[in-house]
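Have a look at the structure below before the remarks.
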Amino acid sequence: MSKLSKAFKAFGLILKKPHLLNLINDSEEAMQEYVEKKYGLPEGLKTVSIEQFISREEEIEPYGFLEGSSLPTDFALLRSICRQNQVEDYLEIGTWRGESAANVAPLVKNCYTLNLPDDEMRRMGMEEAYIGMHRCFSKQVENIIHLQADSQTFDFTSLNKKFDLIFLDGDHHTESVMNDTRNAFRLLKDDNSMIVWHDTGEGTETTRFSVLAGILDGCPPEHIPHLYRVSNSLCAIFTKKELKAEIVKPNSVPELSFKVKITVCK
């Protein structure tokens, strides 16, 4: 269906049901309704405690405490998965400052990270300072392979490799998440391999339904029961491991707390 046809169809629906205009103005509400109707998940995914993944103290380094970064618990989750599952081959989509790749690299054999090419970001009108910030934490790490391409069009078969762990933190629009998710499932090495998605909530207790819709639409139907939200993080995960999980409502009494040690590194 062309964009023009979609526009006329949407306009016709609004004429018949004016209340749909409110849903257009609030896309998260629309996406929540979509996820509920198509997948029967009005409250999002069941949540698994991060404690089921982190079995020891994890030291997060580097960590910039900069705007838009992952949480320390997000990086601790990735590091713990790598440590416990002897991850050799790691792939992430969305490099940005390179914090996640730099945290994972010491624990894996091969670390691949993919991001839009610098020239492409310039053509998109992004500021030079923003572009120059990319890979600032990861560019000097020897076992990190920096790929510059658009994940929506990149030929992943050119890597000639499957992966034990894939971290998706690229474009968070629903269609992009769907495409990245489809590719990720094709790239898994075996039944022990996992996928982690970032920014699946605006916070640790909420669901970002526009992202969840992309995950669900890109996930093979037989694997949807193996999708979970990870507590105390911004992440969702696919794993075939048997996990205890439940729907957790916002403002529930916390079951976990964490000890944080901060050391300034220059």
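The values are calculated or read from the model by the stated rules, or taken from the named source; none is laboratory data. All values derive from a computational prediction rather than experimental measurement. Because the Cβ atoms are built from the backbone with ideal geometry, glycine has one as well, and the counts that use them run over all protein chains shown.
All conditions but one from (1) of a type outside the set (Asp, Glu); (2) closer than 29 Å to Gln86 by Cβ; (3) at pLDDT below 95 apply to Val248; the one that does not is (2).
Yes or no: region 27-40 includes at least one residue that is aromatic (Phe, Trp, Tyr), within 23 Å of Lys244 (Cβ to Cβ), touching a Ser or Thr at 6+ places or on another chain (Cβ under 6 Å) and touching a residue at least 12 places away in the same chain (Cβ under 8 Å). Explain how you work it out, then say what you get.
Keep residues of region 27-40 that are aromatic (Phe, Trp, Tyr), which gives 34, 39.
Keeping just the survivors that are within 23 Å of Lys244 (Cβ to Cβ) gives 39.
After this cut, where a residue has to be touching a Ser or Thr at 6+ places or on another chain (Cβ under 6 Å) as well, the list is none.
There is no residue in region 27-40 that is aromatic (Phe, Trp, Tyr), within 23 Å of Lys244 (Cβ to Cβ), touching a Ser or Thr at 6+ places or on another chain (Cβ under 6 Å) and touching a residue at least 12 places away in the same chain (Cβ under 8 Å).
Of the residues making up region 28-47, those that are of a type in the set (D, E, K, R), over 18 Å from the mean Cα position of the chain (by Cα) and either outside any loop (DSSP other than H, G, I, E, B) or more than 19 Å from Thr204 (Cβ to Cβ) (or both) number 5.
Just one residue in the set Gly68, Gly98 is out of contact with any His (no Cβ under 6 Å at 6 or more places or on another chain) and modelled with pLDDT under 95; that residue is Gly68. Taking the criterion of being in contact with a strand residue (DSSP E or B) (Cβ under 7 Å, 6 or more places away or on another chain) and part of a loop (DSSP other than H, G, I, E, B), the residues of region 155-187 that qualify are Lys161, Lys162, Asp164, Asp169, Gly170, Leu187.
Within region 196-237, the set of residues being touching a Lys or Arg at 6+ places or on another chain (Cβ under 9 Å) and acidic (Asp, Glu) comprises Asp199, Glu202, Glu205, Asp217.
Mind listing just one residue for me: the one in region 121-135 that is part of a helix (DSSP H, G or I) and not hydroxyl-bearing (Ser, Thr, Tyr) and, of those, nearest to Phe65 (Cα to Cα)? Checking each candidate, the answer is Met133. The set of residues in region 189-235 being crowded, with 19+ Cβ neighbours inside 10 Å and farther than 22 Å from Ser27 by Cβ consists of Ser193, Met194, Ile195, Val196, Tyr228, Val230, Ser231, Asn232, Ser233.
Give the residue, chosen from Ser138, Ser210, that is touching a residue at least 24 places away in the same chain (Cβ under 8 Å) and in a loop (DSSP other than H, G, I, E, B).
Values: Ser210 fails: in a loop (DSSP other than H, G, I, E, B).
That would be Ser138, the only listed residue that is touching a residue at least 24 places away in the same chain (Cβ under 8 Å) and in a loop (DSSP other than H, G, I, E, B).
Could you check, for region 42-58, whether at least one of its residues is loosely packed, with under 14 Cβ neighbours inside 10 Å, among the basic types (Lys, Arg) and touching an Asp or Glu at 6+ places or on another chain (Cβ under 9 Å)? No, region 42-58 has no match at all.
Quick one: is Pro250 in contact (Cβ under 8 Å) with a residue 40 or more places away in the chain, more than 25 Å from Gly64 (Cβ to Cβ) and surrounded by fewer than 13 Cβ atoms within 10 Å (Cβ to Cβ)? If you could, list the steps in order and put the result at the bottom.
Working: in contact (Cβ under 8 Å) with a residue 40 or more places away in the chain: yes; more than 25 Å from Gly64 (Cβ to Cβ): yes; surrounded by fewer than 13 Cβ atoms within 10 Å (Cβ to Cβ): yes.
Answer is yes for this residue.
Apart from one condition, Leu107 fits all of (1) surrounded by 14 or more Cβ atoms within 10 Å (Cβ to Cβ); (2) within 19 Å of the chain's Cα centre (by Cα); the exception is (2). The residues of region 59-82 that are closer than 15 Å to Ser138 by Cα and of a type in the set (Val, Ile, Thr) amount to a single one, Ile60. Among the residues of region 61-120, those identified as closer than 20 Å to Thr200 by Cα and part of a loop (DSSP other than H, G, I, E, B) are Phe65, Leu66, Glu67, Gly68, Ser69, Ser70, Leu71, Gly94, Thr95, Trp96, Arg97, Gly98. Taking the residues in region 213-245 that are part of a helix (DSSP H, G or I) and among the hydrophobic types (A, V, I, L, M, F, W, C) as candidates, determine which candidate is farthest from the chain's Cα centre (by Cα). Residue satisfying both the conditions and the ranking: Ile224.
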